[in-house]
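Undergrad: Here it is, the structure in full.
The values are calculated or read from the model by the stated rules, or taken from the named source; none is laboratory data. Remember, it's a predicted structure, so these values are computed and weren't measured experimentally. All Cβ positions, glycine included, derive from the backbone under ideal geometry; neighbour counts span all protein chains shown.
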Amino acid sequence: MKTRGTSRFNAFLVLTVILFWGSSFVVVKIALREGLTPIAIATFRFLIAGGLFLITILIEKKIRRNYKLLVEKKDFPMLLFLALTGVTFFFTAQYTGIQMAGASIAAILVCLLSPVLITVLSTIIFKEHLGKKQVFGIGIAALGTVIVVTGGT
C-alpha cells in the first residue's frame, strides 16, 4: 500500500513540474510584453533559482552533520562551461525565440527538436548506436516539427 501512495505522490510531483515547465513559455511571453529583455528574464530566473538552491543547501547542511557539496575544485571549469552553454545561452536563445516566434512555436521547437538533437549528438560524440526505429523516430519528429512550424505548407 505504501508503494501506491509513493507512486501517487511521485506522479503529483511530475505533474507539478510539467505544469511549471509548460507554463514558463507563457509567463516568459508575458514578461516580454511588459518590457523585460530575454537576458534580463534569464538573469532574474537564475538569480532566484540560485538563491533557492543556496537555501536548500544550507538547510541540508544543517540537517546532516557530514553534508558535503559534492563538487571538487577540478570540476569548476566544466561546471562553468555547462552554466554558460546549458543555462545562459540556452535560456537567452529560448526567450529570444519566444519574443520572435511566440510561446507556442518556441515550445514546439524545444519539445520536438531537443530529443532529436540529443540523439544526434550522442551518436556523434559518444558513438551510441542508433537502430532503425530510432532513425525512423528522429525522421518523424523532424518532419512533424516542420509541418507544425510551417503550418503544413
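Undergrad: Could you list, in sequence order, all residues of the stretch 112-139 that are of a type outside the set (Lys, Arg), exposed (fewer than 11 other Cβ atoms within 10 Å of the Cβ) and over 21 Å from residue 22 (Cα atoms)?
TA: 124, 125, 126, 129, 131
Undergrad: Now for a different question. Of 109, 32, which residue is assigned by TED's automatic domain parsing to the domain that holds residue 143, touching a helix residue (DSSP H, G or I) at 6+ places or on another chain (Cβ under 7 Å) and surrounded by 10 or more Cβ atoms within 10 Å (Cβ to Cβ)?
TA: Just a single option satisfies the conditions, and that option is 109.
Undergrad: Can you report the number of residues in the stretch 40-75 which are within 22 Å of residue 92 (Cβ to Cβ) and of a type outside the set (Ser, Thr, Tyr)?
TA: 13
Undergrad: Restricting attention to the stretch 43-65, which residues are in a helix (DSSP H, G or I) and among the charged types (D, E, K, R)?
TA: 45, 60, 61, 62
Undergrad: What about residue 94, is it within 15 Å of the chain's Cα centre (by Cα), surrounded by 12 or more Cβ atoms within 10 Å (Cβ to Cβ) and modelled with pLDDT of 85 or more?
TA: yes
Undergrad: Can you tell me which condition residue 100 does not meet? The list is (1) modelled with pLDDT under 85; (2) surrounded by 11 or more Cβ atoms within 10 Å (Cβ to Cβ), and all the others hold.
TA: The one condition residue 100 does not meet is (1).
Undergrad: Another one. Give all pairs with beta carbons closer than 9 Å in which a residue from the stretch 114-132 that is modelled with pLDDT under 90 and hydroxyl-bearing (Ser, Thr, Tyr) meets a residue that is surrounded by 11 or more Cβ atoms within 10 Å (Cβ to Cβ) and not in a helix (DSSP H, G or I); count only pairs at least 6 apart in sequence or on separate chains.
TA: 119/128; 119/130
Undergrad: So, one more: Kindly establish whether residue 45 is of a type in the set (Lys, Arg) and surrounded by 10 or more Cβ atoms within 10 Å (Cβ to Cβ).
TA: Yes.
Undergrad: I need the full set of residues from the stretch 103-151 which are out of contact with any Ser or Thr (no Cβ under 8 Å at 6 or more places or on another chain) and of a type in the set (S, T, N, Q), in order please.
TA: Matches in the stretch 103-151: 104, 114, 119, 122, 123, 145, 150.
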